[in-house]
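The values are calculated or read from the model by the stated rules, or taken from the named source; none is laboratory data. All values derive from a computational prediction rather than experimental measurement. Heads up, the Cβs are rebuilt from the backbone with ideal geometry, glycines too, and the neighbour counts pull from every protein chain shown. The accessibility values were calculated without ligands, DNA or RNA, using every heavy atom of the protein model including side chains. Shrake-Rupley method; radii C 1.70, N 1.55, O 1.52, S 1.80 Å.
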Amino acid sequence: MHITEKLKNYLKLFAAGIIFLWLFIQSPFNPLYSDYNHAEMSFIKLNFIYWVLASVFILWIIFYVNRLNFEKYSRIIFVCANFLYLSFYIFYGFDVMDTGFSLSKQWSMFHGIWIENFDAMVGTNLIGGLWLSIYGSPSLIWSRFGFVLVQVSIVWVSYEIMLQYFKPKRIFAVILPLSLFFAVWNYYQTINYDNLPFLFFIISIYFLIKGLKEQPFKKHFFVISGAIIVLAVFCKITYLAALSFPLFLILVDYNLFSKSKKIIKDTFLYYLFGFLIGLVLIVVLLLISGGLDSYILYFVNIIKELISVKDPTKTFSHDHSMQSLYALYKNHTINVITRVVNYTFFILLIEYFRNKTRNFKPMNYITILTGSFIIYFFIFEVNDSNQFNYNMFIYLLSFFISIYILWALFTKNIVIKKYLILIITSLGLFLFAFVGSDLGFRAAFHSNAGLILFTIPIILIKETEFKFLNVRVNFTFLFYFTIIIFSLNIIRKKDNIYRESRFEFLAKPFQTSSLLGIKSSPQRVEVVDSLLVYLNEIPNFSEKKVIFTHSNPIMYYLTNTNYFLDSPWDILHNYNTLEQRLFSVMPDYFVIPKESHRILTWPLKSNPDVLESRAQGHYDIYNKFIKENNYIEIYKNSFYTVFSSKVKELTNE
């Protein structure tokens, strides 16, 4: 025993030595980095801070965490692991569209476009803008740190909800690999209209669940739940549909566990009281900020837009109509049902043969391997760039629903009753995370809204057992298969960075101050840095009227300029509105790229998608306007061209 403990201590010291050696290699004191330029050293320094934090975490686990205290520290390990995993990727990739849309709206709210940003996402604009303002100047790495805090908060609250029903050890082994794997779909690395409202929604649900489980009755949980859910609506108006969900959970809980009418009445009243408190505070905020009239007018204009008659040849917009969303959600639902039938059949077949051959080991192993490959290739589709197939969210959702079905079919009603509130909660969290989105079910993956939904069946299926054709079948294999396969696929996030090439090509850091600490492909870095250096040299550029075209909304944030269209994302405007705004504003500058930023490989050429071909109408309007109003080309690099309404010296690169 003494020798074993001594060996463990030596191994711990050896591991610590390896960690300190790695830290030195990554540190700015490494002589190998002595000839690095400012951009490269900035990346090294920020990355070194990350590795210091990661090393402290690993050393703490090595020297202080053991089997006896693991349950005590499991929550901290889970949160820190998610924080470090997400933080690793904030240094890589450069998406100018979805991320840029959020950043430019949030930044502009505190830099000249206050009233105009009281829209369907005003809470997200306000809170996101406050976060960006803490740093004081545009910084993409700072905005991404805010994203990490929000996403980690979501998985943390998810974990806390699960703790209301399961012991930590029972949760940890399942939820950790799943939370890290589903981070692959946390595309927009900033505080945005997907993750922030969902964070408030899930916090509200947590306090509701806590209140329903707590004995004796404690009213403050329901008051807090009602108040916080208002913030979800304030951050994204589509969460209006979720306001009644807590009331539904209260009713289900009342019917399942036969609680007294007084308790159900008090629960309703305190939840509604909290809701009214939240609503009053938001209205007061709108009044004080001067945004109430603008907020109301925004929805009035939406209603007018929906009922107005338009010329389809002059209209270009994303279709969020009820008819289109219904068709999309119906299509996704049919695809899920079809896949669920397939998965359920194959899982039963594999489990049957696995248990049938358990006394003949070679055949049993062959069955396990064959079954593993079948399920794996049904779920995971990867293209030539090592990136997941666009429709893989359908396959994943179908897989976990099929496990729910198997568990429900072969589990006693008394056990189902025990977890029914949690299951309904997980379904509601997933559902309301995508309602109103033209991305369908996929939108729920962006905020990790399905984490609880996907964790529950894996935990429960392990103990499920039944007889099928006189063969005793259990799903132990499925439990371990899921944990192993999803753990192994965590590494694939490296090649699934949103709108970027493979990870190995993200090798060059930006040099401009707003992008310090970020790496992208050399071609992308060169054209963006070159453009930003030029624009930053223009006197009082931040006060100029600029149009960044071809889906390039992030540039308003990076250059500290305000957008003068109704949205920083130019192709979200219909053609009539775009033409009218150009003539009314008469921009000082146009910044036009050779290709759209929707093309994944920009600045390298690639085939445009369907939406890009429709956006050609916008580009024709720009070209015509520039030509008719005698704009002058004042700067050009291999990708971007800058046009000015005033004659300036032409710069070529």
### Message
Please go through segment 531-547 and give me each residue that is under 26 Å from THR601 (Cα atoms) and surrounded by 18 or more Cβ atoms within 10 Å (Cβ to Cβ), ordered by number.
### Response
LEU531, LEU532, TYR534, LEU535, VAL546, ILE547
### Task
For residues that are touching a strand residue (DSSP E or B) at 6+ places or on another chain (Cβ under 8 Å) and of a type outside the set (Ser, Thr, Tyr), scanning just segment 38-54, find the one that is nearest to THR512 (Cα to Cα).
ALA39
### Task
Filter segment 208-242 down to residues that are open to solvent by less than 10 Å² (accessible area, probe 1.4 Å) and hydroxyl-bearing (Ser, Thr, Tyr) and give me whichever is farthest from LEU269 (Cα to Cα).
TYR239
### Task
Output the residue which, of all residues in segment 618-641 that are among the polar types (S, T, N, Q) and under 39 Å from the mean Cα position of the chain (by Cα), is surrounded by the most Cβ atoms within 10 Å (Cβ to Cβ).
ASN637
### Task
Check off (1) closer than 14 Å to PHE441 by Cα; (2) touching a residue at least 12 places away in the same chain (Cβ under 8 Å) for TYR326 and give me the number that stays unchecked.
(2)
#### Entry: Which numbered condition ILE62 misses (of (1) touching a Lys or Arg at 6+ places or on another chain (Cβ under 6 Å); (2) loosely packed, with under 14 Cβ neighbours inside 10 Å)
(2)
## Note on the structure
Of the residues in segment 508-530, those that are open to solvent by 20 Å² or more (accessible area, probe 1.4 Å) and within 24 Å of the chain's Cα centre (by Cα) come to LEU516, LYS519
### Task
Of the conditions (1) over 30 Å from LEU515 (Cα atoms); (2) open to solvent by 10 Å² or more (accessible area, probe 1.4 Å); (3) not polar (S, T, N, Q), ILE205 clears all except one; give me its number.
(2)
### Residue among SER143, SER179 that alone is of a type in the set (Ser, Thr, Tyr), within 20 Å of PHE432 (Cα to Cα), touching a residue at least 12 places away in the same chain (Cβ under 8 Å) and surrounded by 23 or more Cβ atoms within 10 Å (Cβ to Cβ)
SER179
### Task
With the checklist (1) surrounded by 24 or more Cβ atoms within 10 Å (Cβ to Cβ); (2) out of contact with any helix residue (DSSP H, G or I) (no Cβ under 8 Å at 6 or more places or on another chain); (3) not charged (D, E, K, R) in hand, flag the one item VAL122 doesn't pass.
(2)
### Message
Give me the residue from segment 559-569 that is in contact with a Gly (Cβ under 9 Å, 6 or more places away or on another chain) and open to solvent by 10 Å² or more (accessible area, probe 1.4 Å) and, out of that set, nearest to LYS544 (Cα to Cα).
### Response
ASN562
### Summary
Restricting attention to segment 509-538, the residues that are farther than 12 Å from PHE91 by Cα and either among the acidic types (Asp, Glu) or part of a helix (DSSP H, G or I) (or both) number exactly 18
#### Entry: Some residue of segment 47-58 being closer than 23 Å to PHE510 by Cα and open to solvent by less than 30 Å² (accessible area, probe 1.4 Å)
yes
### Query
Restricting attention to segment 240-293, which residues are of a type in the set (Lys, Arg) and either more than 19 Å from GLU214 (Cβ to Cβ) or assigned to a helix (DSSP H, G or I) (or both)?
LYS261, LYS262, LYS265
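Each row is one residue, and each column tells you yes or no for (1) at pLDDT 90 or above; (2) crowded, with 23+ Cβ neighbours inside 10 Å.
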position	(1), (2)
ILE571	no, yes
TYR575	no, no
GLN580	no, no
SER584	no, no
VAL591	yes, no
## Note on the structure
GLY93 meets each of (1) surrounded by 13 or more Cβ atoms within 10 Å (Cβ to Cβ); (2) free of Cβ contacts under 8 Å to residues at least 60 places away in the same chain with one exception, condition (2)
